[in-house]
Amino acid sequence: MNITQILFWSLSALAIIGALMMVSNKNPIYSMLWLIVVFFAISGHYILLNAQFLAVVNIIVYAGAIMVLFLFVIMLMNLNADNEPQKNKWLKFAGVISGGSLLLIVVAALRQSQEMAAQQVNLTGGKIGLIHNLGQVLFRDYVLPFEISSILFLSAMVGAVVIGKKGD
Amino acid sequence: MMPINYYIMLAMALFSIGIIGVLTRRNAIIIFMCIELMLNAVNLLLVAFSKLHYGRVAAFSPEATTGTEAQLFVFFIMVVAAAEVSVGLAIIVMMYRNIHSVDVNFLNRLKH
């Protein structure tokens, strides 16, 4: 077991534990902090896959911007574990069963397939995840989607302001 | 070298946990966070497949850039997720202002 495998397993364990803690925690603030742990673990996976640009963007956009937005909203509403609404027990049970059976079916199908088992991901090699290559392709072949995404951002910003405006 | 199966299983586990969260919680903010978790699981899988196809092509031609598109798609998914979060949180704030709760069960009639 070399260092890459140790890192893979520890990051995977961190991601899954963080996700489970996020779903099961009663307090929304702790839940959000566990989600940040998951995002950092996924960024670690990106670095392990040599996708360094995506790792940095993941930390800046998700752990930085989006989670701060969530934190502000949660603190604005003064939510805590006491007034947390709970679903009844059977609905929770049914939700866990249906989500778990999805996982079970995909894992079972994956274990049966012979050609997937032989595929290996080349972890460390390659420069496709570096910013040089990504920038070349983004601004040469995908410049129109890039510009359209700026319009999407503008409309999202206008929409958020219009929806969040007090009184109408 | 890592088998692609491990990555598919990890991403599927994260995605299922997100689905379980959406189905079992009633707090609108937590449901929203679970959706973010599912988006991240898909992103991780896209990057893993991008490296898989890169590795297959790079064995023959070292200068290949196969798999770049997948990483750009991940970038665009992050863009869309950021826009989605800003509008969604504005809707949640407005809902909290109107009914003083973030319980999604109060919204089943879509009016107050």
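Laboratory data are not the source of any read-out in this text; all were calculated from the coordinates shown. It should be emphasised that the depicted structure is a prediction, and the values quoted were computed from it without experimental measurement. Using ideal geometry, Cβ is built from the backbone for each residue, glycine included, and neighbour counts are taken over all protein chains shown.
In chain A, which helices (entire DSSP H runs) extend 27 Å or more along their own long axis, judged by Cα positions, while averaging at least 1.6 on the Kyte-Doolittle scale? Long hydrophobic helices here: A:3-24, A:28-48, A:143-164. For the stretch A:7-148, list log₁₀ I(q)/I(0) at each q in 0.10, 0.11, 0.14, 0.22 Å⁻¹, using the Debye formula over Cα point scatterers of equal strength and ignoring solvent, two decimals each. For the stretch A:7-148 at q = 0.10, 0.11, 0.14, 0.22 Å⁻¹, log10 I(q)/I(0) is -0.55, -0.66, -0.98, -1.29. Each peptide in A:61-67, A:104-110 receives the mean, over its residues, of other Cβ atoms within 10 Å, and ordering these scores from highest gives A:61-67, A:104-110. Which residue, chosen from B:35, B:21, B:94, occupies the Cα position most advanced towards the positive end of the dipole of the stretch B:4-107, where the dipole is computed from +1 (Lys, Arg) and -1 (Asp, Glu) charges on Cβ about the Cα centre? Looking along the dipole axis, the top candidate is B:21. The calculated FRET efficiency for the pair residue A:4 and residue B:77, based on their C-beta separation and a Förster distance of 22 Å, comes to about 0.25. Remark: the stretch B:94-103, residue by residue, has Karplus-estimated 3J(HN,Hα) of 5, 5, 5, 5, 7, 10, 6, 6, 10, 6 Hz, where x stands for each Gly or Pro and the curve is 6.51 cos²θ - 1.76 cosθ + 1.60 at θ = phi - 60°. Here's how it looks for residue A:121: its modeled amide H is under 5 Å from those of B:2, B:4, which are all 5 or more places away or on a different chain.
By the equivalent-ellipsoid construction on the alpha carbon gyration tensor, the protein assembly as shown comes out with semi-axes of 35, 24, 15 Å, ordered largest to smallest.
Give me the angle, in degrees from 0 to 90, between the Cα long axis of helix B:28-58 and the longest principal axis of the Cα atoms of chain B, rounded to the nearest 10. The angle comes out at about 10 degrees.
Pairs of lysine residues in the protein assembly as shown that meet both criteria, 8 or more places apart or on different chains and Cα atoms under 22 Å apart, total 7. In terms of overall dimensions, the stretch B:9-112 has a Cα radius of gyration and Dmax of 18.7, 63 angstrom.
Sites count as exposed loop sites when they are trypsin sites (Lys or Arg not before Pro), lie in a DSSP loop, and have at most 15 other Cβ atoms within 10 angstrom; the longest stretch of chain B without one is B:1-108.
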